[in-house]
1. Could you list, in sequence order, all residues of segment 105-119 that are over 11 Å from L71 (Cα atoms) and aliphatic (A, V, I, L, M)?
2. Of the numbered conditions (1) more than 25 Å from the chain's Cα centre (by Cα); (2) in a helix (DSSP H, G or I); (3) charged (D, E, K, R), R300 satisfies every one except a single condition; which is it?
3. Mind counting the residues in segment 370-392 that are free of Cβ contacts under 8 Å to residues at least 40 places away in the same chain and touching a Phe, Trp or Tyr at 6+ places or on another chain (Cβ under 7 Å)?
4. Please specify each residue of segment 36-61 satisfying the condition of being closer than 15 Å to W101 by Cβ and among the acidic types (D, E).
5. If you scan segment 35-73, which residues turn out to be in contact with a Phe, Trp or Tyr (Cβ under 7 Å, 6 or more places away or on another chain) and not acidic (D, E)?
6. Just checking, how many residues over segment 25-59 are in contact with a Pro (Cβ under 8 Å, 6 or more places away or on another chain) and at pLDDT 90 or above?
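The values are calculated or read from the model by the stated rules, or taken from the named source; none is laboratory data. Since we're looking at a predicted model, the values are computed, not measured. We place every Cβ from the backbone using ideal geometry, glycine too, and count neighbours over all the protein chains shown.
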Amino acid sequence: MAWGDDMITRNRVAALAATFACLRAATSWAGAAEGDAALARGDYAMAIAEYRPAADAGDVRAQVGMGKLYLDGLGVVHDGHVAVQWLRRAADKGDAPAQAWLGMAYGGGYDIARDDVESFRWFSKASAQGDALGRYGVGYDYFSGRAVVKDQKLGCEMFLQSANLGERLAMAKIGYCYDVGEGMPKDRAVAIGWYRRGAALGVREAQYKLGYALEEGYDGPPDPTAAAVQYQRAADRGLSLAQNSLGVLYQRGRGVPQDYRKAADLFRQAGLQGNDVAQENLARLYLYGYGVTRDIGTARDWYLKSGNLGNEVAESYLAALYAGVYGNTYMDAVQALKWTRAAADKGNPYGLYRMGELYLAGFGVPPDRAQAVEWWHRAADKGQFHAILRLAVAYHDGKGVTADAVAACDWMKRASAALPAQLAPATPGTAPAPSRESTDYDATLKLACPATAN
């Protein structure tokens, strides 16, 4: 073969190779695009069928798609390790979306070891390329002080950049920055604007925040009806904060018809996700029998879940329950002291009052009236009604404190001021109203301040 013929043949081979490469690339791109479309409409089996061949052929977009499917367990068994392998193949080629998703994967919430430093490293790589999710991740780390020195101003600036690039998650975060004035000047009008944008795009955190803003009346009169709509949308997406807030609206009949059964269902959904406030709310429904069959044992179980997460209201109820306020079934001096002290250490008024009761009765601690009076004073300073009554009697009788008729009468006058709230109809959400508390106001008034009683 002549030199010229050989060159022609080589050129033809090269052209054919280039053509096949282009066709392969086009096929891969088409597969990735079809995979994206299938993922968007929730057809995960089709997404996998389209992504996998393209991903195997080296298409980074398809590799990211495979990583996201495995990360969230969509159409495949959830496997964070496989997800990271797919994402890493694309990220090592410099693909910004893959780098950002690696940051998400290492940031926690998946079945791989959390690594905040590695998460920040990948977020930073993506952010440097202008990736919206990458900038959100960098903002989150600076705002929370995760893996870097905390800098809320820088964190909010990154959230703003990310949101302006269209990242939905950042819209809720920058809204929060303006809402509470952390990292940005406080401006609730701007905050609501961002919440609305995020909520319209289906971001559950933005829907919840918008609901709260509407309930509280950030930009007009409080609108619990509109708030309920937003809470419902976020609750349907599994956000426990929204489930609890919507439950409270049903409990109180604000913006929705009062429905304790619905409230209990919502509290249970949130409580099973570990929301301590919802757990305490559900416990109270069982304690009083609102929307559920009254069951002290079930109430105790939910209070324990909440109390073990540090909820001081739950701790105060456990203090009363183990002291026998709700019956003798669960009386336990050790547990009573444990939970009473936990609530009191947080400054909970009822916990402070119950510490006085323990010293009065010598339940879990040596009997000591002087100590009891000291604890009642601390509770009364926070307006605790039962503690105020106890002090009126203590000053009248001179037990644990020097008798002082004037002081006794003064304490009764304070009790009178607090009485309307104490006698208001008991509804879930109010302070404890135990069945065995000293609430005989009239008898105490006649004893401690007879002139006023007459």
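1. Correct list: A113, V117.
2. Status for R300: all satisfied but (1).
3. 9
4. D36
5. If the condition is that a residue be in contact with a Phe, Trp or Tyr (Cβ under 7 Å, 6 or more places away or on another chain) and not acidic (D, E), then G35, A55, A62, Q63, V64, G65, M66, G67, K68, L69, Y70, L71 are the ones that fit.
6. Residues that pass the stated criteria total 0.
Residue by residue, here is whether (1) crowded, with 16+ Cβ neighbours inside 10 Å; (2) free of Cβ contacts under 8 Å to residues at least 40 places away in the same chain holds:
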residue: E312; (1), (2): yes, yes
residue: Y317; (1), (2): yes, no
residue: Y330; (1), (2): yes, yes
residue: K346; (1), (2): no, yes
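To keep it simple, each residue is scored yes or no on (1) of a type outside the set (V, I, T); (2) assigned to a helix (DSSP H, G or I); (3) at pLDDT 95 or above.
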residue	(1), (2), (3)
G193	yes, yes, yes
A199	yes, yes, yes
V229	no, yes, yes
S245	yes, yes, yes
G255	yes, no, yes
